[in-house]
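J.: Questions regarding the structure given below will be posed in turn.
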Amino acid sequence: MTTFRAGPSLLAALGVALLAVSVWLGLVLDRPAPFEQPAALVAAIVAALAVYAAACVLVLRRPLPGRWVFVLVLVVAVAARLTLAVHPPALSDDIYRYVWDGRVQAAGINPYRHPPESPLLAHLRDAEIYEQVNRKFAPTIYPPAAQAVFRASYEAHPDSVRWTKIVLVGVDAIAIVLLGLLLSRYGRRPELALLYAWHPLAIVEVGSSGHIDVAAVALLLGSLLLNVRGRPLAAGIALGAAALVKFYALAALPALLARGRRRAALLLTGMAAAAAIAYLPFIEVGTRVLGYLPGYLEEEGFDSGARFYLLGLTGIDGGGASVVYRLLALATLGGLALLVWRRRGNEPEGTALLLVALLLLATPAYPWYVLLPLALLPFAGPRLLLVGSTLAATAFLLYVQQKAPGNPTWPLHVVWGGTALAAALAGFTALPRRLGPRVAYEG
């Protein structure tokens, strides 16, 4: 009994330690050029991961008594994010585009129509926001649901990066609550939300960088919760909105379609309704509503195949190799999607499987793409947990590849090579046949 009583107290102590490390990390990131002398940054990240790992072991080993345990998880998660939110973003300047897009919309201008450097937007420029916006030559890349968040945040508190980050921390708090509810619905302990809530990657990407991906996380979790509660139409609306924040949230679709034709029809109807409502304010620009997405895919090497780490390992260059790789990747994802669709009962784990597979095959350059599968790791079985945890724990190194002098390539081998090795060791292709506990549906 002593061990059980000590469990919550130990978790609280680890929460205090995580807050202390988060304060330290915020101070390190606030220094000029933290990657030029990265020892302090590496030490802070390693310390955060160590505290996180200890907390995970504690909550995974046995149930912790007391209803307040989930509240503790939530409070520490929010507080850790806020310790970073007070500092300017250090790892990504994307949030300046969020504020800029909100400003453009508040001025009654379609953000898909003109790039920031357009003379028609000269009256909106300033030193604080405009000068920090990346890709001034390009119209916005962010889909309509993301634009709605930017507009709402801007209208509430104009021209404030810090406020926008605080709003997104609030969205993440909602996501953590939804995750706790979803865990309960699947017969799991709500405090397992800690696997996402206390992860240093989530703390940094939401608190420091303020990435809009967290809105997709909240909407995806809401969709999964509505689906399991027997409300497919509302689940479709939420999933459609999630995809209109970040398109790759559509990876959840095969899992959510696995409940019969009527439910699938209602789900797809909800998604179509969400898309129509979200795109309506921007319909005047037609196909330009895709914004800079085509240019981004080309810039990042997805068109040429240069972005695909696994393809690079073969040493084969040329457009033909890229086409073959994309076809094989699509076939792999299609096969996994079919297996997830046929295997009903643990939609969150099936979604996590597809998201991890998508990222491993696409190997994007930025760590914030890992937030969606990270939020679903509490539902993963041991094999998928190994793969997803490897990806999430190493994803920070993608910043080293981008920002360290000389842009070293070794971080790519650690992140994507390590994740691929973990997938091979885990028997990745066998995972859909070993999904976790199933759940009874309402409706």
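The values are calculated or read from the model by the stated rules, or taken from the named source; none is laboratory data. The structure presented is a predicted model; accordingly, all values stated were derived computationally and were not measured. Ideal geometry is used to build each Cβ from the backbone, glycine not excepted, and the neighbour counts take in all protein chains shown.
J.: Only one of (1) within 30 Å of A12 (Cα to Cα); (2) over 20 Å from the mean Cα position of the chain (by Cα); (3) among the small types (G, A, S); (4) part of a helix (DSSP H, G or I) fails for G66. Which number is that?
T.: All conditions are met except number (4).
J.: Among the residues of the stretch 107-133, which ones are farther than 22 Å from V285 by Cα and either modelled with pLDDT under 95 or over 26 Å from the mean Cα position of the chain (by Cα) (or both)?
T.: R125, D126, A127, E128, E131
J.: Given the stretch 134-231, what helices (runs of 4 or more DSSP H) lie entirely inside it while holding 2 or more residues that are of a type in the set (V, I, T) and under 23 Å from P281 (Cβ atoms)?
T.: 161-185
J.: Another question about this same structure. Could you identify the single residue in V206, V177 that is β-branched (V, I, T), surrounded by 24 or more Cβ atoms within 10 Å (Cβ to Cβ) and in contact (Cβ under 8 Å) with a residue 60 or more places away in the chain?
T.: Of V206, V177, the one residue that is β-branched (V, I, T), surrounded by 24 or more Cβ atoms within 10 Å (Cβ to Cβ) and in contact (Cβ under 8 Å) with a residue 60 or more places away in the chain is V206.
J.: Kindly provide the set of residues from the stretch 297-320 that are surrounded by 15 or more Cβ atoms within 10 Å (Cβ to Cβ) and part of a helix (DSSP H, G or I), ordered by number.
T.: Correct list: Y309, L310, L311, G312.
J.: Among residues belonging to the stretch 1-57 that are over 24 Å from the mean Cα position of the chain (by Cα) and of a type in the set (S, T, Y), point out the one that is nearest to V78 (Cα to Cα).
T.: So the residue we want is S9.
J.: For the stretch 342-364, give me each residue that is outside any loop (DSSP other than H, G, I, E, B) and more than 17 Å from S389 (Cα to Cα).
T.: R342, E347, A362
J.: With the structure loaded, tell me whether V171 is surrounded by fewer than 22 Cβ atoms within 10 Å (Cβ to Cβ) and modelled with pLDDT of 95 or more or whether it fails that test.
T.: Judged against the criteria, V171 is a match.
J.: If only one of A40, A50, A79, A17 is under 24 Å from P408 (Cα atoms) and of a type outside the set (S, T, N, Q), which one is it?
T.: A40
J.: List every residue pair whose Cβ atoms sit under 8 Å apart, with the two residues 6 or more apart in sequence or on different chains, where the first one lies in the stretch 281-304 and is without any contact (Cβ under 8 Å) to a residue 24 or more places away in the chain and the second, anywhere, is among the aliphatic types (A, V, I, L, M) and in a helix (DSSP H, G or I).
T.: Pairs that qualify, where the first residue is without any contact (Cβ under 8 Å) to a residue 24 or more places away in the chain and the partner is among the aliphatic types (A, V, I, L, M) and in a helix (DSSP H, G or I), are I283/V289; D303/L297.
J.: Read through the list (1) of a type in the set (G, A, S); (2) within 29 Å of P364 (Cα to Cα); (3) not in a helix (DSSP H, G or I), then give the number of the only condition that A255 fails.
T.: Unmet for A255, out of (1) of a type in the set (G, A, S); (2) within 29 Å of P364 (Cα to Cα); (3) not in a helix (DSSP H, G or I): (3).
J.: Confirm whether R97 is farther than 30 Å from S9 by Cβ, buried (at least 18 other Cβ atoms within 10 Å of the Cβ) and either within 21 Å of the chain's Cα centre (by Cα) or not aliphatic (A, V, I, L, M) (or both).
T.: Criteria met by R97.
J.: Give the residue, chosen from G230, G210, that is at pLDDT 95 or above and on the phi > 0 side of the Ramachandran plot.
T.: Residue meeting the stated conditions: G210.
J.: So, of the residues in the stretch 340-363 that are among the aliphatic types (A, V, I, L, M) and touching a Gly at 6+ places or on another chain (Cβ under 8 Å), which turns out to be nearest to L412 (Cα to Cα)?
T.: V356
J.: So for the stretch 80-103 (the condition being over 24 Å from V204 (Cα atoms) and in contact (Cβ under 8 Å) with a residue 24 or more places away in the chain), does at least one residue qualify?
T.: The answer is yes; a qualifying residue exists.
J.: Further, regarding this structure: Here is a list: A393, A352, A375, A365. Which entry is modelled with pLDDT of 95 or more, surrounded by fewer than 24 Cβ atoms within 10 Å (Cβ to Cβ), in contact with a helix residue (DSSP H, G or I) (Cβ under 9 Å, 6 or more places away or on another chain) and closer than 24 Å to V206 by Cβ?
T.: A393
J.: With respect to the numbered conditions (1) surrounded by fewer than 21 Cβ atoms within 10 Å (Cβ to Cβ); (2) touching a residue at least 24 places away in the same chain (Cβ under 8 Å); (3) outside any helix (DSSP H, G or I), which one is the sole condition not fulfilled by V245?
T.: That leaves (1) as the condition not met.
J.: Next up: Find all pairs meeting these conditions: Cβ atoms under 9 angstrom apart; at least six residues apart or on different chains; first residue within the stretch 376-388 and among the β-branched types (V, I, T); second residue in a loop (DSSP other than H, G, I, E, B).
T.: Pairs found: V387/A380; V387/A426.
J.: Does any residue of the stretch 62-83 turn out to be surrounded by fewer than 22 Cβ atoms within 10 Å (Cβ to Cβ), small (G, A, S) and closer than 30 Å to G180 by Cβ?
T.: Yes; the residues of the stretch 62-83 include at least one that is surrounded by fewer than 22 Cβ atoms within 10 Å (Cβ to Cβ), small (G, A, S) and closer than 30 Å to G180 by Cβ.
J.: Just to be sure before I move on: is V73 within 23 Å of the chain's Cα centre (by Cα) and at pLDDT 95 or above in the structure I sent?
T.: yes
J.: Considering only the stretch 117-140, how many residues are crowded, with 20+ Cβ neighbours inside 10 Å and within 18 Å of P294 (Cβ to Cβ)?
T.: Qualifying residue count for the region: 2.
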